[in-house]
Amino acid sequence: MTEETPGFDEKPDVPSGATPDDAEPQAASPSSSGEGAAPAGDASSAQIAGLTAQLDQVRKALEERTADLQRLQAEFQNYRRRVERDRIAVKEIAVANLLTELMPTLDDIGRAREHGELVGGFKSVAESLETAAAKMGLQQFGKEGEPFDPTIHEALMHSYAPDVTETTCVAILQPGYRIGERTIRPARVAVAEPQPGAAGTGKAESSDAAETADDDKESGGPDEG
C-alpha cells in the first residue's frame with residue numbers, strides 16, 4: 001500500500017460547477033481596481049479647471065466694477081467743482097448788481113461830504129452804508145494826480161498843462177468802483193496832457209543860453225564901462 005505525499009496532489013478548491021480557469025480573473029482583480037481610479041483623477045482636474053475659470057470671471061467683473069466706481073467718483077468730483085464755481089459766480093453777480101444799484105446813493109454821500117452837508121443822523125446812516133458796502137467787497141478808486149489808465153479811467157474832459165510830463169488825472173468827476181479785480185464802474189476824470197512844444201521850447205532856450213555864454217567867453221566877457 002503506497003503512502004501519498006501530502007501537498008503534491010492537492011488541488012485548490014473549486015466551487016462545484018466551475019472550472020479551474022475561473023479562478024484567474026479573481027487574481028487579476030487588483031489590477032482592474034487600479035484602472036478604475038484614473039477617471040476619478042480626471043474628474044478632480046476638470047472641477048479645478050472649472051473653479052479657476054469662474055474665479056477669473058469674478059476677478060474680471062470686479063475689475064470692471066472698480067473702474068466704473070472710479071469713473072463715477074471722478075465725475076462726481078468734477079460736478080462738485082462746477083457747482084461750487086457756479087455758486088461763487090452767481091454770488092458775485094448778485095453782489096455786483098446790488099452794489100451797482102447803491103452807487104448813485106454812494107455818489108450823493110460823497111458830494112454831501114465834499115460840501116460839508118454830511119452831519120447829524122444822516123452822517124451815521126451814510127457811514128453805516130459805506131461800511132456795509134466795503135464789507136461786501138466794494139472798493140472805491142480814483143485820485144487826482146495819478147497817471148491816466150484807459151482800462152480803469154474814463155476821460156470826460158481834456159486839457160493841456162505845463163506842469164505834467166504824461167497824461168494825468170487832474171480832477172475826479174466821479175469815483176470808480178471795483179469788486180476784487182473786477183471793475184464795476186470806471187472813474188470818470190478830467191485829464192491833462194503836457195503842453196505841445198513845451199519840451200522843445202525849453203531845449204531851444206537852453207541852447208540859446210549856452211551859445212550866448214560861449215560868445216561872451218570868446219569876446220573876453222562883457223564890455224566894462
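The values are calculated or read from the model by the stated rules, or taken from the named source; none is laboratory data. Only a predicted model underlies this, so the values are computations on that prediction, with no experimental measurement involved. Cβ sites come from the backbone with ideal geometry, for glycine too, and all protein chains shown count toward neighbours. Note: areas computed on protein heavy atoms with side chains; ligands, DNA, RNA excluded. Shrake-Rupley method; radii C 1.70, N 1.55, O 1.52, S 1.80 Å.
For region 121-173, GluC sites (Glu not before Pro) are listed when DSSP marks them as loop and at most 16 other Cβ atoms sit within 10 Å of their Cβ; the list is E144, E166. Counting heavy atoms of the protein chains alone, R111 has an accessible area of about 110 Å² for a 1.4 Å probe. Solvent-accessible surface (1.4 Å probe) assigned to R87 amounts to roughly 130 Å².
Once backbone amide H atoms are built at 1.01 Å from N, Q195 has A161, V164 as its partners under 5 Å, excluding neighbours fewer than 5 places away on the same chain.
For R185, nonlocal amide neighbours, meaning residues 5 or more places apart or on other chains whose placed amide H falls under 5 Å from its own, are Y177. The mean accessible area for residues of region 37-87, using a 1.4 Å probe and ignoring ligands and nucleic acids, is 90 Å² per residue. When nucleic acids and ligands are ignored and a 1.4 Å probe is applied, S128 ends up with an accessible area of around 70 Å².
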